[in-house]
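The structure under discussion appears below in the form of structure tokens.
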Amino acid sequence: MFLKKVALVSALAVMAGTSSFACEISARVSIVGNEFPAIQTVGAGAQECSGAEVTTNLTKDHQSLNVPGMQGNPAEYTSAIVANSSIVALMNEDVIRPLDDLVAKHGQDLQSSQLIKVGGKVMAVAFMANAQHLMYRSDVLDQIGVEPPKTYEDMLAAAKMIRDQGIMENPIGGAYAAGWNLAQEFNNMFLGFGGSHFKAGSAEPNINSEAGINALGMMKSLSEYMNPDFLTHDSNATNAEYRAGNIALLNMWGSRAASQTTAEGVTEAVKNGHAIAGPMTVGGGSTPASTLWWDGWTVAKNVSDAEAEATFVALTNAIRPAKMEDEAVRTQAVWLIDGYTPTDAAVGVFEAAKMATTPYPMLPYMGLMHSALGNELSDFMQGKESAEQALADVEAAYIAAAKEKGFLQ
Amino acid sequence: MRHSTFFWFFLPTAAAMLLFIAFPILSVVMQSIYAPHSAVLIEVETCTPLVGCTMETTVDQEATAALRASEPLGRFVGLDIFFDRGHLAVSEVAGMWRDTATWSGFVEGLSNLPFYRAMAFTLTFTFVVTPAVIIFGLLIALAVNSLHAWLKGVVIFFSLLPFVVTPLIGALVLFWMIDSRGILGTALQWLVSDPDLSLKASTGLMWISLIVYGIWHAAPFAFVIFYAGLQTLPMDQIEAAEIDGATRLQRIRYVVIPHLMPLVTFVALIQLMDNFRVFEPIVGFNAAAHATSISWFIFNDLGGETRQLSSASASSVLTIIGVSILLLPVLVRTWNDFKGKT
């Protein structure tokens, strides 16, 4: 009992110490979002507020929960933490509200660049940026005597040298798991080759093109230097390979850069050799073969104005500039918050922004294209069909889905 | 039984069946013949961090809200979704029938369509796993039944374990074991001395792994049913057969199996249904690149960033139809037996 009291008192003292300004809310706040460290921090920040209950549901499966959880009236979730891909589903279903009035009232600490505006209305408040970029083992590259690759062609050449010199059998890693991950790697490469997913101004697919074929060709070449199980490797499995010292070169999410060497079971060689750089280009292009992302929070439409206000206040509190004083928080992400000074782990994402990386398309029908890519490209990666056939299959699958959802006639 | 007694006796069951079986099926059928309204798209200025403002397409919410209010069910599409490429792919199949000269070309074309590819795996899985489960279940039951009494409890407990383990967890355990760095994967590489052998990269080996998993998981179910059946064996018949000089094999063939036949039908029914809806191992094994099923389609349609409810509903209706077709022979047989008895 005594111990409990001590713990409670010290917890309160810590909370009082960290929250320099009091956050008072008067209505329920309920947040659904992804589970990576930066979002955990935001969730915990919202829970510092007192006066009403703040609940969070931070899970990998947030995407299948947020739309149904916000469609009811009143909505179960008063806020969903989203990225540029997942906000589209919420806007398509019209379940989030414009935030202009709340920004005017409570958003003094927000930077204007944090506001996601669609048609002049603020629909979300971004707090971090993300991109996939190169991570590599500097010790291995030193051993073969090459610079960190700037292009995918360089990456292939380096991989060949590493294999030929017997350092590693499969030196390249990649989140090529059939489904979302594989589709995302295609998007990167396709944009790097200068492709665009849709015919200008329409929902007609446009991937069965030279850029598409080149993108698949490069992915196939890379996969020859990957663990043979690559079609089942998502980001987590790829990072496990990296941490175990089995791979030396990979295109990986910036949001995972900081935890790359801190997880359990990382070998000393990986700890000392780990390095990051900007995203690579491909095929002589100047646009990086990567996409730029933001993560931010939204407020549900089908909740009372009091709940919306409480949600806005709590989440603004969670991303207040004072948070950036904490070194541990700062390394978790590339924050878009005022007062953030980049850490070493942020180099890759900043480089991606500087190189004018294409943002992930925020189009109503992009989700369907992403699903079609994820389902139809694995045949090509296994060598079962040609690139042309695979891309034709993607377009056919996409068209069937887009017709169902009313994007195509 | 008087009709009114029967009526009151049956009413709660009928109400529950209506509520939990008939209405959901009706709802799924409705959702499969209605699709979302045509999207009203507009170009608006979109501003995002690090990029600035660009013109992007988005859904016109006011116009869409008006459409939704006027026709809340959505757009009537009839059987269009059943016939589209994601399902029966009627026009694609017709086109291939016209354009391909050889049977092998036609089959290859079919295997490129998601539905037919999924059916190829699902039916292979169903028709290999179901009989294998029955045979293994029977063998285990016979073996356990002939054990010494004090050993039986322990053996039954351990034989039941695969069925007790949650399917997804069981699949995940096996998935990590067959990884090229897992115990079974490495053992296999060593056995055939091929360091590049990967169970997860080969469609054939993945199918075998899934089928082995299916048998491993369901055999205890058949075992426990058959074991219960064995406790009711007519001992006088067995003894009579023994006196007549029947061997153990002959006793099993002519006395035990006929006695267990109704249970075999029962296990076959349940297994056909379960195996046709194969799902957990595909997810657990991360096997979508090699093997899919209609149940996996539903999961995939609902799990994407843009949910496809109509497509998922159409897949559900196709599952119901598929299960009905599979069960038809068994059901007809049961009905005939029933009529023969009355």
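The values are calculated or read from the model by the stated rules, or taken from the named source; none is laboratory data. Keep in mind it's a predicted model, so treat the numbers as computed, not measured. A quick note on method: Cβ atoms are made from the backbone with ideal geometry, for glycine too, and the neighbour counts reach across all protein chains shown.
What the table shows:
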quantity	calculated
Sole exception among (1) within 10 Å of another protein chain (Cβ to nearest Cβ); (2) surrounded by 17 or more Cβ atoms within 10 Å (Cβ to Cβ); (3) within 18 Å of A:D338 (Cα to Cα); (4) over 19 Å from the mean Cα position of the chain (by Cα) for A:F127, by number	(4)
Qualifying position, being within 14 Å of chain A (Cβ to nearest Cβ), crowded, with 19+ Cβ neighbours inside 10 Å and modelled with pLDDT under 90, among B:S202, B:S209, B:S198	B:S198
Candidates A:L8, A:L65, A:L12, filtered to the one that is at pLDDT below 95 and within 30 Å of B:E62 (Cα to Cα)	A:L65
Qualifying positions in segment A:240-269 - outside any strand (DSSP E or B), touching a strand residue (DSSP E or B) at 6+ places or on another chain (Cβ under 7 Å) and of a type outside the set (F, W, Y)	A:E241, A:I247, A:A248, A:G254, A:S255, A:A257, A:Q260, A:T261
Checklist (1) among the aliphatic types (A, V, I, L, M); (2) in contact (Cβ under 8 Å) with a residue 12 or more places away in the chain; (3) within 14 Å of another protein chain (Cβ to nearest Cβ) applied to B:V129, failing item	(3)
Answer residue from segment B:259-287, given it is surrounded by 22 or more Cβ atoms within 10 Å (Cβ to Cβ) and within 14 Å of chain A (Cβ to nearest Cβ) and is farthest from A:D234 (Cα to Cα) among those	B:P281
Filter result for B:G78 (exposed (fewer than 15 other Cβ atoms within 10 Å of the Cβ), of a type in the set (G, A, S) and in contact (Cβ under 8 Å) with a residue 24 or more places away in the chain)	yes
Enumeration of residues in segment A:341-392 that are closer than 17 Å to A:Q63 by Cβ and among the aromatic types (F, W, Y)	A:Y360, A:Y365
Candidate set: segment A:55-72, residues that are in a loop (DSSP other than H, G, I, E, B) and in contact (Cβ under 8 Å) with a residue 12 or more places away in the chain; chosen: the one nearest to the chain's Cα centre (by Cα)	A:K60
Tally of residues being surrounded by 18 or more Cβ atoms within 10 Å (Cβ to Cβ) and of a type in the set (V, I, T) across segment B:96-127	2
Top-ranked residue in segment B:38-75 [being of a type in the set (G, A, S) and touching a strand residue (DSSP E or B) at 6+ places or on another chain (Cβ under 6 Å); ranked as surrounded by the most Cβ atoms within 10 Å (Cβ to Cβ)]	B:A39
Positions within segment A:354-371 being among the aliphatic types (A, V, I, L, M) and facing chain B (nearest Cβ under 9 Å), in sequence order	A:A356, A:M362, A:L363, A:M366, A:L368
Test: residue in segment A:386-394 that is more than 9 Å from chain B (Cβ to nearest Cβ) and assigned to a loop (DSSP other than H, G, I, E, B)	yes
Answer residue from segment A:293-316, given it is assigned to a strand (DSSP E or B) and among the hydrophobic types (A, V, I, L, M, F, W, C) and is farthest from A:A104 (Cα to Cα) among those	A:W293
Filtered residues of segment B:171-195 (kept if in contact (Cβ under 8 Å) with a residue 60 or more places away in the chain and either surrounded by fewer than 16 Cβ atoms within 10 Å (Cβ to Cβ) or in contact with an Asp or Glu (Cβ under 8 Å, 6 or more places away or on another chain) (or both))	B:A171
Tally, over segment A:91-107, of residues that are more than 10 Å from chain B (Cβ to nearest Cβ) and touching a Lys or Arg at 6+ places or on another chain (Cβ under 9 Å)	6
Hits in segment B:36-58 (condition: closer than 25 Å to A:N130 by Cβ and at the interface with chain A (Cβ under 7 Å from one of its Cβ atoms))	B:V44, B:E45, B:T46, B:C47, B:T48, B:P49, B:L50, B:V51, B:E56, B:T57, B:T58
For A:I87: the one exception among (1) more than 9 Å from every other protein chain (Cβ to nearest Cβ); (2) of a type in the set (V, I, T); (3) touching a helix residue (DSSP H, G or I) at 6+ places or on another chain (Cβ under 9 Å); (4) buried (at least 21 other Cβ atoms within 10 Å of the Cβ)	(3)
Number of the condition not met by A:E351 [criteria: (1) more than 9 Å from chain B (Cβ to nearest Cβ); (2) among the acidic types (D, E); (3) under 26 Å from A:S86 (Cα atoms); (4) out of contact with any strand residue (DSSP E or B) (no Cβ under 8 Å at 6 or more places or on another chain)]	(4)
Boolean, A:E224 is out of contact with any Pro (no Cβ under 6 Å at 6 or more places or on another chain) and more than 10 Å from chain B (Cβ to nearest Cβ)	yes
Residues located in segment B:160-215, provided they are of a type in the set (V, I, T) and assigned to a helix (DSSP H, G or I)	B:V164, B:I169, B:V173, B:I183, B:T186, B:T203, B:I208, B:I211, B:V212, B:I215
Index of the failed condition, A:N214 passing every other in (1) out of contact with any Phe, Trp or Tyr (no Cβ under 8 Å at 6 or more places or on another chain); (2) surrounded by fewer than 21 Cβ atoms within 10 Å (Cβ to Cβ); (3) outside any loop (DSSP other than H, G, I, E, B)	(1)
Qualifying positions in segment A:154-173 - of a type in the set (G, A, S) and either touching a residue at least 40 places away in the same chain (Cβ under 8 Å) or buried (at least 16 other Cβ atoms within 10 Å of the Cβ) (or both)	A:A158, A:A159, A:G173
Identity of the residue in segment B:306-334, over 16 Å from B:F115 (Cα atoms) and touching a Phe, Trp or Tyr at 6+ places or on another chain (Cβ under 8 Å), that ends up nearest to the other protein chains (Cβ to nearest Cβ)	B:T306
Qualifying residues in segment A:328-381 (those that are in a helix (DSSP H, G or I) and charged (D, E, K, R)) - the one farthest from A:D109 (Cα to Cα)	A:D379
Test: residue in segment B:87-94 that is within 13 Å of chain A (Cβ to nearest Cβ), surrounded by 17 or more Cβ atoms within 10 Å (Cβ to Cβ) and at positive phi	yes
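So that you can scan it fast, the table gives a plain yes or no per residue for (1) crowded, with 21+ Cβ neighbours inside 10 Å; (2) assigned by TED's automatic domain parsing to the domain that holds A:A400; (3) among the hydroxyl-bearing types (S, T, Y); (4) touching a Pro at 6+ places or on another chain (Cβ under 9 Å):
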{"site": "A:T262", "(1), (2), (3), (4)": "no, yes, yes, no"}
{"site": "A:E268", "(1), (2), (3), (4)": "no, yes, no, no"}
{"site": "A:A308", "(1), (2), (3), (4)": "yes, no, no, no"}
{"site": "A:R320", "(1), (2), (3), (4)": "no, no, no, no"}
{"site": "A:D326", "(1), (2), (3), (4)": "no, no, no, no"}
{"site": "A:G348", "(1), (2), (3), (4)": "yes, no, no, yes"}
